[in-house]
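Written out below as structure tokens is the structure these notes cover.
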Amino acid sequence: MTRRRLLLLLSIVAVGWMTAFGQDDCRRRWAINAGGSPFAQPVQTGSYPRAIVVTHGTEWFVTGELALPDKWAVEAGYFHTEIVYDNDAARTMQGLRLGMKRYFLPDRFPVQPFLVASAWGNFDERIRRTTAPYLNSHATYHFRNPRLSLSPGIGLDFYLFSSIALTLRYDFVVGLDARTAIEQPGGGIDMGSSYADRGMYHDLSVGLKVNLPFCFREGDAWTLFYMILDNILY
């Protein structure tokens, strides 16, 4: 109990200090956003007689954002995407992502929807061919990664505090001159199977965004205080 009382006292002092020195100017000029995607799902364009299951697709990114007049913003940063098919055969892309974003609501709203259009420059391998054991033979994998991908997207910034937001974003990524071709041989009554896509995939990402200059208002201090209090009591 003594420990809880001490933590409560320290949190009250911290809230008072942050409230006293909080900034009033919370205009969003710069931002850093980092996160990842647990869902990067390619768009299948052909298969026989069944689809080859994509075991998982992931992505992580770090971007910077500069606010422009009239609710526009420009973003630039690094991305790394990996899509793994059967037998751990994967296509990997990484490089620079550039985009333009358009927000719609005044800054005072805690939820900020946006539209985005971006270009993804891939600096990783362009062509990869590999084989893997399959039944009594080998499956063949041919990946042609794009050098450039284009992507329309939509998203939301949920502000937890004045300068910290949770971001949710969906992109439909279209790889230019890209394709995947997988052939799995048959055996016995199994006629084998094939899979193809054209380098397009759905990308759903989650990130944490911090605006600069960093701002901490009185309301943020009390929100943090109640979070600490809830953790202490329960």
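The values are calculated or read from the model by the stated rules, or taken from the named source; none is laboratory data. These numbers were taken from a predicted model, which means no experiment stands behind them. Methodologically, a virtual Cβ is constructed for each residue, glycine included, from the backbone with ideal geometry; neighbour enumeration extends over all protein chains shown. Heads up: the accessible areas ignore ligands, DNA and RNA and are worked out on the full protein's heavy atoms, side chains in. Shrake-Rupley method; radii C 1.70, N 1.55, O 1.52, S 1.80 Å.
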5 angstrom amide H check on residue 56, placed H, neighbours 5+ away: 84
Stretchable slack from residue 132 to residue 56, in nm (0.36 nm times residue separation minus alpha-carbon distance): 25.6 nm
Kirkwood-type radius of the range 29-102, with distances r between different C-alpha atoms, in Å: 14.4
Linear extension gain, residue 45 paired with residue 111, 0.36 nm per residue minus alpha-carbon span: 20.1 nm
Accessible area (Å², per residue) of the range 26-233, counting only protein heavy atoms and a probe of 1.4 Å: 51
Cα coordinate range in the range 26-233, projected on the principal axes (Å, largest first): 71, 45, 23
Karplus (6.51, -1.76, 1.60) ³J(HN,Hα), θ = phi - 60°, over the range 69-84, in Hz, Gly and Pro reported as x: x, 6, 6, 8, 8, 10, 10, 8, x, 10, 9, 9, 10, 9, 10, 9
Calculated log₁₀ intensity ratio I(q)/I(0) where the Debye formula runs over C-alpha points of the range 93-207, q = 0.14 Å⁻¹: -0.72
Amide H partners (placed H, <5 Å) of residue 215, local residues excluded: 163
Relative contact order (%) - criterion: Cα under 8 Å, at least six apart; region: the range 26-233: 24
Cβ-placed point charges (K, R +1; D, E -1), dipole of the range 26-233 about Cα centre in debye, nearest 20: 580
Whole-Hz ³J(HN,Hα) from phi, Karplus 6.51 cos²θ - 1.76 cosθ + 1.60, for the range 140-153, glycine and proline x: 10, 10, 10, 10, 10, 7, x, 7, 9, 10, 10, 8, x, x
